[in-house]
1. Could you check segment 45-89 and list, in sequence order, the residues that are among the polar types (S, T, N, Q) and without any contact (Cβ under 8 Å) to a residue 40 or more places away in the chain?
2. Hey, any hits in segment 28-40 for a residue that's at pLDDT 95 or above and more than 14 Å from the chain's Cα centre (by Cα)?
3. Quick one: in segment 90-117, which of the residues that are of a type outside the set (Val, Ile, Thr), within 18 Å of ALA38 (Cβ to Cβ) and without any contact (Cβ under 8 Å) to a residue 40 or more places away in the chain is surrounded by the most Cβ atoms within 10 Å (Cβ to Cβ)?
4. Consider segment 25-81. How many of its residues are open to solvent by 30 Å² or more (accessible area, probe 1.4 Å) and not acidic (Asp, Glu)?
5. What pairs can you find where one residue is in segment 26-44 and closer than 12 Å to LEU105 by Cβ, the other is of a type in the set (Val, Ile, Thr), and their Cβ atoms are less than 7 Å apart, with a gap of 6+ or different chains?
6. Being within 23 Å of LYS14 (Cβ to Cβ) and of a type in the set (S, T, N, Q), is that true of even one residue in segment 38-61?
7. Can GLU22 be described as more than 16 Å from SER110 (Cα to Cα), surrounded by fewer than 15 Cβ atoms within 10 Å (Cβ to Cβ) and either touching a residue at least 40 places away in the same chain (Cβ under 8 Å) or within 14 Å of the chain's Cα centre (by Cα) (or both)?
8. Got a number for residues in segment 36-53 being within 18 Å of ARG112 (Cα to Cα) and touching a Lys or Arg at 6+ places or on another chain (Cβ under 9 Å)?
Amino acid sequence: MPLPDAYAAYNRNKVLTASPAELTLMLYEGAIKFCNIAIVGIENKDIEKAHTNIIKTEKIIEEFLRSLDEKYPVYKEFENVYVYLMRRLREANAYKDKEILEEVLTHLRSMRDTWKDVMNQSRPHGS
């Protein structure tokens, strides 16, 4: 199996065997990665790269919005944050604004780090 195929198979297996918590972490990591690539696109005047990666980031945020469960008390707060991030991503895309993307990145990193903390606290002791 050529190396790129092996890498793709590994990644596919990683996603298929991940817990819901791990999948959420992967989505945060993906959103951060795509947002960073969009920033590089803007810096390099590569409008297509910036646009494509902002859209990828938006799709992940849309998935977070769709997966929110109203039965949890934090539902509305998360909904407000995700809606805000979507609005900012659209503004960043319209104006190819690096500073807006850096603001979005700050929020995404903070949310990812909080998610990691929750995952670590919920792990059984001794793992």
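The values are calculated or read from the model by the stated rules, or taken from the named source; none is laboratory data. It should be emphasised that the depicted structure is a prediction, and the values quoted were computed from it without experimental measurement. Because the Cβ atoms are built from the backbone with ideal geometry, glycine has one as well, and the counts that use them run over all protein chains shown. SASA here: full protein model, heavy atoms, side chains in, ligands and nucleic acids out. Shrake-Rupley method; radii C 1.70, N 1.55, O 1.52, S 1.80 Å.
1. In the first step, residues of segment 45-89 are kept if they are among the polar types (S, T, N, Q); the result is 52-53, 57, 67, 80.
Answer for segment 45-89, where residues must be among the polar types (S, T, N, Q) and without any contact (Cβ under 8 Å) to a residue 40 or more places away in the chain: THR52, ASN53, SER67, ASN80.
2. Of segment 28-40, the ones at pLDDT 95 or above are 28-40.
Next, from what is left, pick out any that are more than 14 Å from the chain's Cα centre (by Cα): 39-40.
For segment 28-40, residues at pLDDT 95 or above and more than 14 Å from the chain's Cα centre (by Cα): present.
3. Applying the first criterion (of a type outside the set (Val, Ile, Thr)) to segment 90-117 yields 90-99, 101-103, 105, 107-113, 115-117.
Pick out the ones that are also within 18 Å of ALA38 (Cβ to Cβ) and you get 90-99, 101-103, 105, 107-109, 111-112.
When the remaining residues are screened for being without any contact (Cβ under 8 Å) to a residue 40 or more places away in the chain, the result is 90-91, 94-95, 99, 103, 107.
Numbers: ARG90: 14, GLU91: 13, ALA94: 11, TYR95: 11, GLU99: 11, GLU103: 14, HIS107: 16.
This residue is HIS107.
4. So in segment 25-81, the residues open to solvent by 30 Å² or more (accessible area, probe 1.4 Å) come out as 25-27, 29, 33-34, 36-37, 40, 43-49, 51-52, 55-56, 59, 62-63, 65-81.
Within this subset, residues satisfying the condition of being not acidic (Asp, Glu) are 25-27, 33-34, 36-37, 40, 44-45, 47, 49, 51-52, 55-56, 59, 65-68, 71-76, 78, 80-81.
Within segment 25-81, residues that are open to solvent by 30 Å² or more (accessible area, probe 1.4 Å) and not acidic (Asp, Glu) number 30.
5. Hits for this filter: ALA31/THR57; ALA31/ILE60; ALA31/ILE61; PHE34/THR57; CYS35/THR57; CYS35/VAL104; ALA38/ILE54; ALA38/THR57.
6. Of all residues in segment 38-61, those within 23 Å of LYS14 (Cβ to Cβ) come to 53, 56-57, 59-61.
After this cut, where a residue has to be of a type in the set (S, T, N, Q) as well, the list is 53, 57.
The answer is yes; a qualifying residue exists.
7. Numbers: more than 16 Å from SER110 (Cα to Cα): yes; surrounded by fewer than 15 Cβ atoms within 10 Å (Cβ to Cβ): yes; either touching a residue at least 40 places away in the same chain (Cβ under 8 Å) or within 14 Å of the chain's Cα centre (by Cα) (or both): yes.
Criteria met by GLU22.
8. Just the residues of segment 36-53 that are within 18 Å of ARG112 (Cα to Cα), to begin with: 36-37.
Next, only the ones that are touching a Lys or Arg at 6+ places or on another chain (Cβ under 9 Å) stay: 37.
Qualifying residue count, segment 36-53: 1.
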